[in-house]
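Structure, as structure tokens:
The values are calculated or read from the model by the stated rules, or taken from the named source; none is laboratory data. Remember, predicted model here, so these are calculated numbers, not experimental data. Quick reminder, even Gly has a Cβ in these numbers, built from the backbone with ideal geometry, and neighbours come from all protein chains shown.
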Amino acid sequence: MTFDQKIQIAIAIGTCSAAVATSAAVVFSLIQTRLATRSRLRVNVVLAEHGGRPDLYGDATEMLPALKIQVANHGQRPVYLTTVGWKAGRFFSRVTKSQNMTDGWPLPSKVEPSEYATFWVVPDGWDRWLKAFAEEVLVSGHFGSKPYLRLAVMTSLGEQINTRLPADVLVELTRHASPKRKLKAKRD
């Protein structure tokens, strides 16, 4: 092999490695751009007690059971929240319902980076609300499984962030869910 052939091989290897490095840099920059522009929301759902509405004299009434929802913005840009609701059911029986908030931030709301929005669901009758919630939102599970239930937060960009509920919140919300009716068909 002559010296000129060795130089040609070195040039070809250098050109190929430069092409691979350039392609890797383009892919890396596209991934970084996508991550920088995407919303990074963290949702926290807690069973809590909320101070009741003041009575005629301005005194606070007894503490009411409530559902506290906090949406924190961990991204680098402001996020506009449009809807907070529920996603229930599996596969073809999926249902998405909006939730009316009784206290906290108004919807739609703007959440700046490193801030959080707090929403409260404080129904007048907790047990009545749970029964209505089970009838309207929950879809019975198949084969004895737990009902599928997620908290859904929608942004103005059309993103939907679905969050699993903590075990105590899931148990409380599905307390009045009716199990799927079992057929009593016995074959003789």
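Quick notes on this structure:
- Scanning region 9-41 for residues that are in a helix (DSSP H, G or I), in contact (Cβ under 8 Å) with a residue 12 or more places away in the chain and of a type in the set (Ser, Thr, Tyr) yields one hit, 37.
- Residues in region 97-136 that are of a type in the set (Val, Ile, Thr) and modelled with pLDDT under 80: 102 only.
- Hits in region 93-114 (condition: in contact with a strand residue (DSSP E or B) (Cβ under 6 Å, 6 or more places away or on another chain), surrounded by fewer than 14 Cβ atoms within 10 Å (Cβ to Cβ) and part of a loop (DSSP other than H, G, I, E, B)): 108, 113
- In the condition set (1) among the hydroxyl-bearing types (Ser, Thr, Tyr); (2) out of contact with any Lys or Arg (no Cβ under 9 Å at 6 or more places or on another chain); (3) surrounded by 13 or more Cβ atoms within 10 Å (Cβ to Cβ); (4) modelled with pLDDT under 90, residue 33 is compliant with all but (3).
- Any chance residue 139 is at pLDDT 85 or above and either surrounded by fewer than 14 Cβ atoms within 10 Å (Cβ to Cβ) or of a type in the set (A, V, I, L, M) (or both): no
- Residues in region 36-67 that are modelled with pLDDT of 90 or more and in contact with a Gly (Cβ under 7 Å, 6 or more places away or on another chain): 0 in all.
- Any chance residue 183 is modelled with pLDDT under 85, on the phi < 0 side of the Ramachandran plot and aliphatic (A, V, I, L, M): yes
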